[in-house]
Amino acid sequence: MTMKESFNDITGQLRDLLRQTLAVEEALLRILEKTEASGSAGTDMLQEGAEADVLRGGAQSAGLPQTEEMTLSVSTSPETSKDTEKDDPDASSEAAAEVLLDMAKKNGAMAEASRGKAEELLKQIQYATEDGRDTSSLESDVLLLEATEEDIWRERIVDAKKRGMNARREREYLATILKHGVCSDGMARYWRELPARSGWFRHKAAKQIAWKLGKELEREYKTVGLEKAEAMLRQARKLYGSAVEQVAIPEAWRRSKISSKLPSMVRNTEHTLSSRKPVQQWDVYIDETGLRFSEEESGTEGRVVAVCVRQGSYLPDLGHFHCTEAAASDVLRHCNTLLQSDCGILGFTRSALDIKSQEGWLQAIRELVKWIWRLLPTQTKEAPVGLRFHVEQRSQYSAELPTALGEKMLVAELTREN
């Protein structure tokens, strides 16, 4: 038997079981009705096995074989039965009715749970259709749960898929218009006409518009400044009202006090190492950017940069300043300060250094140190020049870790050069 045949066989058995459960429920309700109608006569009906006939009738109407396992009997001990008939001839009938009612409630609860699950699956079918995903397995699950009303649920599945397709077309149309901008004339017209055309999509459209507005505000702020971004937000609130009420200008933008125009960069400055005037002491600060320093690593290409500060020069302490977390105006201001100083600057990319080692970052630092040694003026009339290197820690590397970056090995390599 193939896997598909096995699945179909199991599915058939589950459907038969569901039909059998519903048939039992129907039979129990019929017994309850007859018991209540006949009063004490219900006791004789149950004792004579009439309930078996009713149950067999329910099974026959469901297309199931009539088996003895489908019969229902209410058993009592001889003494209890005798006392019950003597004291209260209707007691046995009432007990049977309670049992039947309890079983009917349980079957009803099972059916209700099954229907609730099917309703949830219909929603998933709609969302999957909207996203362009396959819904065949979800459809099979719905029909398995509601096998007794398969035709009705097939129609509901078709309706759910239609709603999903309509939502998909509406979403794509909105994305096309949003390309012209949240505050464009086309978007304003779309928002006015949406309630009459597809009012059910208004909530989803509002979420998409709010997200797009946040992106456009950020771009406006970075390119032309805070005032322009605030003007855009005011216009959007007039157009969309409560749909964009959660969108706001971040407080960090206001605190940075950025003007509408970013500062210009200093031009025509000279920072080559070979053009520096000789001094007795240099402090060399090395940092890296990027992620990929070896063939095994991924991400943006790695770069190493050194700033060589001569003895007696001064650069302001930036504290915990980090470019990726600061406003653009602050970054440019610090860059201008650096370019206006008399320090030397040298940097390389990983590809420029032609790094092959798995320890790519270490090799990049070694090569950068060697080039600084070669290019900086290292001879003075008074005494040899001293170089102090300050390297920012990277991941697992630390000052205590013994590496080939050691001073003695570098000195040995460099002193062999002409």
Whichever residue in region 281-291 is assigned to a strand (DSSP E or B) and not acidic (Asp, Glu) and, among such residues, is most open to solvent (accessible area, probe 1.4 Å): TYR285
Restricting region 350-365 to residues that are of a type outside the set (A, V, I, L, M) and open to solvent by 40 Å² or more (accessible area, probe 1.4 Å), the residue that is nearest to THR269 (Cα to Cα): SER351
Residue satisfying all of: in region 304-332; among the hydrophobic types (A, V, I, L, M, F, W, C) and more than 40 Å from the chain's Cα centre (by Cα); nearest to ASP287 (Cα to Cα) among these: VAL307
Yes/no for TRP361 being closer than 21 Å to THR272 by Cα, of a type in the set (Phe, Trp, Tyr) and part of a helix (DSSP H, G or I): no
Pick from region 178-190, criterion in a helix (DSSP H, G or I) and open to solvent by 20 Å² or more (accessible area, probe 1.4 Å), ranking: nearest to ALA236 (Cα to Cα): ASP185
Residue tally, condition touching a strand residue (DSSP E or B) at 6+ places or on another chain (Cβ under 9 Å), within 20 Å of ARG394 (Cβ to Cβ) and open to solvent by 40 Å² or more (accessible area, probe 1.4 Å), over region 302-322: 2
Which listed residue, of SER256, SER294, SER298, SER242, is at pLDDT below 90, over 30 Å from ALA383 (Cβ atoms) and open to solvent by 60 Å² or more (accessible area, probe 1.4 Å): SER298
Some residue of region 127-145 being among the β-branched types (Val, Ile, Thr), over 26 Å from the mean Cα position of the chain (by Cα) and either open to solvent by 60 Å² or more (accessible area, probe 1.4 Å) or modelled with pLDDT of 90 or more (or both): no
Output for region 196-222, where each listed residue is β-branched (Val, Ile, Thr) and surrounded by fewer than 12 Cβ atoms within 10 Å (Cβ to Cβ): none
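The values are calculated or read from the model by the stated rules, or taken from the named source; none is laboratory data. Model, not experiment: these values are computed from the prediction. Using ideal geometry, Cβ is built from the backbone for each residue, glycine included, and neighbour counts are taken over all protein chains shown. Calculation scope for accessible area: heavy atoms of the full protein, side chains included, ligands and nucleic acids excluded. Shrake-Rupley method; radii C 1.70, N 1.55, O 1.52, S 1.80 Å.
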